Amino acid sequence: MMFGRGFYDRRRFFMDRDFYGITLWHVLIVIGVILLILSVVVLLTRKSGQKETKDTNENLKRILDERYVRGEISEEEYKTKKKFLDEN
């Protein structure tokens, strides 16, 4: 009697809201899965974006230090650019 009107009764579990086999539960599950996927994508891109910015600033500071040591830029220009990089 599991598949008749007993344990798996559609009317009891889905409140008789059946649209060609798609029920309210199916729609809610699909929306939940989509929200879960979107939240994972947003979290991963946010973390990678922060790391990339930090790496970029470190690379720019290293290049600035090298240019100053080689004498390509003056001390005043070095301090101004380093201050700008520290703020951003």
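The values are calculated or read from the model by the stated rules, or taken from the named source; none is laboratory data. None of these values were measured; they are calculated from a predicted model. Neighbour counts run over all protein chains shown; Cβ positions are idealised from the backbone, glycine included.
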Is there any pair with a first residue in segment 75-88 that is polar (S, T, N, Q) and a second that is at pLDDT below 90 and part of a helix (DSSP H, G or I) whose Cβ atoms are under 8 Å apart and which are 6 or more apart or on different chains, and what are they? 88/57
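So that you can scan it fast, the table gives a plain yes or no per residue for (1) among the hydroxyl-bearing types (Ser, Thr, Tyr); (2) within 30 Å of residue 85 (Cα to Cα); (3) exposed (fewer than 11 other Cβ atoms within 10 Å of the Cβ); (4) at pLDDT below 60:
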| position | (1), (2), (3), (4) |
| --- | --- |
| 4 | no, no, yes, yes |
| 7 | no, no, yes, yes |
| 16 | no, no, yes, yes |
| 36 | no, no, yes, no |
| 45 | yes, yes, yes, no |
| 51 | no, yes, yes, no |
| 56 | yes, yes, no, no |
